[in-house]
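Okay, structure first, notes after.
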Amino acid sequence: MEWNAETLQFLSHCFLNTLSPAPEPRLAAESQLSEAANRLNYGLVVLRLVSEPSVDEQIRHAAAVNFKNHLRFRWASVRDSTLSPIADQEKDQIKALIVSLMLRSSARVQSQLSEALAVIGKHDFPKHWPALLPELVISLQQASQSADYASINGILGTANSIFKKFRYEYKTNDLLFDLKYCLDNFAAPLLEIFLKTAAIIDSQVSSGGSAVTLRPLFVSQRLCCRIFYSLNFQELPEFFEDHMKEWMGEFRKYLTTNYPALESSGDGLALVDELRAAVCENISLYMEKNEEEFKDYLNEFAIAVWTLLGNVSQSSSRDKLAVMAIKFLTTVSTSVHHAMFAGEGVIPQICQGIVIPNVRLREDDEELFEMNYVEFIRRDMEGSDVDTRRRIACELLKGIATNYKEQVMKMVSELVQNLLSSFAANPIANWKDKDCAIYLVVSLATKRAGGTSVSTEIVDVLSFFASVIVPELQSQDANGFPMLKAGALKFFTMFRSHIPKPVALQLVSDVVSFLGAESNVVHSYAANCIEKLLLVKDEGGRAMYTSGDIIPILPVLIKNLFNALKFPESEENQYIMKCIMRVLGAADISGEVAVFCINGLTFILNAVCRNPKNPIFNHYLFESVAMLVKRACERDISLISSFEEKLFPSIQAILANDVAEFLPYAFQLLAQLVELSRPPLSPSYMQIFVLLLQPDSWKRTSNVPALVRLLQAFLQKAPHELTQERRLGQVLGIFEMLVSSSSTDDQGFYVLNTVIENLEYGGIAPFVNHIWSTLFGRLQKHRTIKFIKSLLIFMSLFIVKQGSGNLVDTMNAVQSNIFLVILEQFWIPNLKLIIGTIELKLTAVASTRLICESPVLLDAAGARHWGKMLDSIITLLSRPEEDRVEDEPEMPDIGDNIGYTATFVRLYNAGKKEEDPLKDIKDPKEFLVASLARLSATAPGRYPQIISENLEPANQAALMELCRTYNCPIV
């Protein structure tokens, strides 16, 4: 694509139409641009358009956004085969132009070009773009001389973007090399502009400078602070250590100085708060990583932050500053410099001045509770990545308690009692005091490592539960004071293991009634409470609450759960659906309840199929269906037909409309239904079977595991139909396709193993030669440990089902003596890597049969192979898994996984039952020594010598011990 007047007009017209509210011109323009983007120099031409002053600003902005996205998808390796990568020559020209064009652009366009530059920098900087940093430094110095803060902030914003990698990437030699390059080139210019801007701010403040003048200066200082954070994140650089006094002096000033010209307006105050929050993050970093070097500045910063917190209002717009400031004090509290918290009255002052004001509910919290329940729960119950004032204030108390536990617990206990007394004096007016008390107890509870059990020293759990929580749970008004109800349910959920079962059972019906509460948070917390109660285990590890405990409340519980999904905004409430799944798994489902549930679930399924939105809800929905099918149909097979009648239209709709997110789920449900059906399978199933065997069905990688699961179900239930209409050939074609790729070869073996397990040898025999040829070809081209282990399991299954003679003969029929080659190079050295109870038993027994039955190994010429094979069997059976298997995951084949596909998610409740092909053999160790004893009796004196020559000493000792244990001597 060439830059000329015609191109300029064409692109301008396209970008203008992309902004059109009408779909026709917008879609046409997007299509034209998508086609043009594959042409050579497209990115360069768009960049030229962005810099063209004669073009309208909104067109240039649209072009800048397009340019950024063009680079994002095409600069590095291109995953989508429909996209053409950017040529190296074009890349060089873009890199030569972009910095200067960015600095000349308006603010809106500049921000887009800065992001585009960061995209390039992520892949090319610094190794493949050594000119970038020197160009940025020169531009920064030139802009600094003219005090051009539009350009200065553009340069600093770009530097901030490209330096962010030092915060997130693992420390490697390459990363440290890149960091040193950046420090050598940018540390000094960064300090220079930071101090120069600080001096201008001081001058402007003293002379009464306006907010308009100060605003870009504060933006600049915040960007400098973020770059400081990136460059100091890995370790303390020498330059910053040498100049710590200058940096810390300015940092402290921003925490202690007021800027009325800016702080008098909302957006100006936000700007100052952002700078102060960045400073707090920097000093927290130094406290965490450079405590020794920072100690001289600690006290003055602690006082500054403490004082600042006293002046930070409860407005949500100031949350980030409050959180960062409290984080700094928390870091100090857990350091060796914690003594500052030991002073008399300090802990009470922190509790009263910092903790309580930040834990107490605000109007913003109430608004979030009512207007965005998903976000409220994410922050309150799930402990999201977003730090809230409430949580971080409690983290501060936990931090102080690290060294002053007794004082903290005593103080908080008194606080809780005072808050509860305040509530008791006037419940209607002071309900927030009770909420605050509950929140403190719940948030300061400690969870036992590796378990779900929690404990607290603030209150006696049972008495607090009885006096504070139970009255809320037994309230007749489910909609009154909903935040207190939510807090009480959260407490019950957290301390569920402490509540005696009789007490909990008395309250469950009350919790069930809260499923009808209008508040989304309350009915979500009620569902979560019930779901978590059903997971509680007794001392023996058994479920504490059984189906017998659920039966009295089951009808109303199920009804309330489904009704809760009818509340506005709870139509796809994942907590309710997870609770439905858990109840169906724990209760004995009667036919009446089962029909009610399948009607409700299929109604919801049909609704979400039209527009899948919440993947977590959808997963629990399908798990609930699978659980219902599993529990109800296995108990009462007469329900199968009614379930099929309800589920088939939904499944057919998923297949017909190609609902990609739901296809793997649909195939797994079908597999479950096929397995429950009694042969012969209905025509509806057989139609699906025919479709399943078409190669087109297997093109989407995310569907493969579910399709294999379904194919296995058909192979088990309809093995005789395989011999009709060349179906076995189609199945083996699928096996060949799957086994050829390392990302799906295990799935291919699942298919092959199911064929061997379920079909008579006469039906398989014509294909055996082709099967071995396929496997040997893959073994020759690309062998992996995963493939070799799968091959060993298949060969073992072949022996168990068809005999060792058939195995050896059919393998050697493909290539002369290949059996011994496979045995020596793959079977013997890799047998020890087999894991899994059934797999270990299968391979051990098959290997034993091989050395005790196969003429190739029993012949005198095969003595060494016989001995080495026995050595491997003993290793497999006598040594623990951790001594046999190196935990070294294989690198996946990148070529097999390129491109985005929907992820396969296994339905736990629709899982395939693992069948043991050797049910009659209980102990593979006993089978081994008994077989060896019988064999040695036929040739006394021969095998002890082979054993002494070929088995490792440790394995000889292990074999002797096994012979003694099972009283089977080898003679």
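The values are calculated or read from the model by the stated rules, or taken from the named source; none is laboratory data. From a predicted model like this one, the values you see are computed outputs, not experimental measurements. With ideal geometry, Cβ positions are generated from the backbone for all residues, glycine too; neighbour counts draw on all protein chains shown. Accessible surface is based on the protein model in full, side chains and every heavy atom, while ligands, DNA and RNA are left aside. Shrake-Rupley method; radii C 1.70, N 1.55, O 1.52, S 1.80 Å.
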Gain on full stretching of the segment that runs from Ala861 to Ile428 - 0.36 nm per residue minus C-alpha separation: 146.5 nm
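Rounded to the nearest whole Å², what accessible area per residue is found for the chain with the 1.4 Å probe?
Values: 43690 Å² over 971 residues.
The answer is 45 Å² per residue.
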task: Mind jotting down the three principal axis lengths of region 175-240 based on Cα atoms? Whole angstrom, largest first.
output: 45, 16, 15
- prompt: If the cut-off is 17 Å between C-alpha atoms, which aspartates and glutamates fall inside it for Lys196, apart from same-chain ones fewer than 8 positions away?
  reply: Asp148, Glu246, Glu250
task: Note down the accessible area of Asp387, probe 1.4 Å, to the nearest 10 Å².
output: 60
- prompt: Ordering Ile138, Ile771 from largest to smallest accessible area (1.4 angstrom probe), what's the sequence?
  reply: Ile138, Ile771
field: DSSP-assigned coil residues among trypsin sites (Lys or Arg not before Pro) in region 1-76, each with at most 16 further Cβ atoms within 10 Å
entry: Arg39
field: Heavy atoms of Asp696 accessible to a 1.4 Å probe, total area in Å² rounded to 10
entry: 110
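With all protein chains present and a 1.4 Å probe, how do Tyr297, Tyr170 order by accessible area, largest first?
Values: Tyr297 45, Tyr170 200 Å².
From most accessible down to least: Tyr170, Tyr297.
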statement: Semi-axes a, b, c in Å (a largest) for region 603-746, each sqrt of 5 times a Cα gyration tensor eigenvalue, come to 25, 20, 13
task: Would you work out which of Ile162, Ile788, Leu728 lies farthest towards the positive end of the dipole of the chain, given +1 charges on the beta-carbon of Lys and Arg and -1 on that of Asp and Glu, about the Cα centre?
output: Leu728
Kirkwood Rh and Cα Rg combined as Rg/Rh, region 495-643: 0.96
- prompt: Full extension from Asn372 to Val885: what is 0.36 nm times the residue separation minus their Cα-Cα distance, to one decimal in nm?
  reply: 179.7 nm
Heavy atoms of Arg700: accessible area, 1.4 Å probe, square angstrom to 10: 80
- request: Please report how far the C-alpha centroid of region 26-87 lies from that of region 453-481, rounded to the nearest whole angstrom.
  value: 60
- request: For region 291-396, give the magnitude of the charge dipole about the Cα centre (Cβ charges: +1 Lys/Arg, -1 Asp/Glu; no others), in debye to the nearest 20.
  value: 160
query: For the charge dipole of region 1-124, defined by +1 on Lys and Arg C-beta atoms and -1 on Asp and Glu C-beta atoms about the Cα centroid, which residue among Ala118, Ile86, Ala62 has the Cα displaced farthest towards the positive pole?
result: Ala118
query: Of Val905, Val332, which has the most accessible area with a 1.4 Å probe, and how do the rest follow in descending order?
result: Val905, Val332
statement: For the chain, the longest principal axis of the Cα atoms and the Cα long axis of helix 57-74 enclose an angle in degrees, to the nearest 10, of 30
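Past the 28 Å Cα-Cα mark, which pairs from Lys566/Lys613; Lys95/Lys253; Lys410/Lys447?
Working: Lys566/Lys613 17 Å; Lys95/Lys253 39 Å; Lys410/Lys447 20 Å.
Violating the 28 Å Cα-Cα cut-off are Lys95/Lys253.
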message: Using a 1.4 Å probe on the protein heavy atoms, what percent of the accessible area of the chain belongs to carbon and sulfur?
response: 52
- prompt: Along the positive direction of the dipole of region 503-582 (beta-carbon charges: Lys, Arg +1; Asp, Glu -1; about the Cα centre), which of Tyr575, Met544, Ser513 reaches farthest?
  reply: Met544
- request: Report, in debye and to the nearest 20, how large the dipole of region 1-124 comes out about its Cα centre when Lys and Arg carry +1 and Asp and Glu carry -1 on their Cβ.
  value: 380
- prompt: In debye, nearest 20: dipole of the chain around its Cα centre with unit charges on the Cβ of K, R (+) and D, E (-)?
  reply: 1220
- prompt: For helix 88-104, what angle does its Cα long axis make with the longest principal axis of the chain, in degrees from 0 to 90 and rounded to 10?
  reply: 30
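So if we plug the beta-carbon distance of Glu634 and Glu926 into 1/(1 + (r/R0)^6) with R0 = 51 Å, what FRET efficiency do we get, rounded to 0.05?
Between Glu634 and Glu926 the formula returns 0.95.
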message: Using only the alpha-carbon atoms, what does region 423-544 span along each of its principal axes? Please give whole angstrom values in decreasing order.
response: 46, 31, 23
- prompt: Which three lengths, in whole Å and largest first, does region 117-210 cover when its Cα atoms are put on their principal axes?
  reply: 49, 22, 21
field: Rounded D (µm²/s) - the chain, Kirkwood Rh over Cα pairs, Stokes-Einstein at 10 °C, 1.306 mPa s
entry: 46
- prompt: If you average over every viewing direction, what projected area does the convex hull of the Cα atoms of region 271-354 give, in nm²?
  reply: 5.3
- line: Note: Asp916 to Arg783 extended length (0.36 nm per residue) minus current alpha-carbon separation gives 45.1 nm
field: Spin-label model distance (nm) - Asp477 vs Ala76, 7 Å beyond Cα toward Cβ
entry: 5.7
- request: Using only alpha carbon positions, build the gyration tensor of region 328-478, then give the equivalent ellipsoid semi-axes as the square roots of 5 times its eigenvalues, largest first, whole angstrom.
  value: 26, 19, 16
query: Taking the simple approach of a point 7 Å from Cα along Cα-to-Cβ for both Glu725 and Leu97, what is their distance in nm?
result: 6.0
query: Between their Cα atoms, which of Lys532/Lys559; Lys405/Lys485; Lys91/Lys127 are more than 24 Å away from each other?
result: Lys405/Lys485
query: What per residue convex hull volume, in Å³, do the alpha-carbon atoms of region 1-124 yield?
result: 101
message: If you fit an axis through the alpha-carbon atoms of helix 107-124 and take the longest principal axis of the Cα set of the chain, what angle between them do you get, 0 to 90°, nearest 10?
response: 40
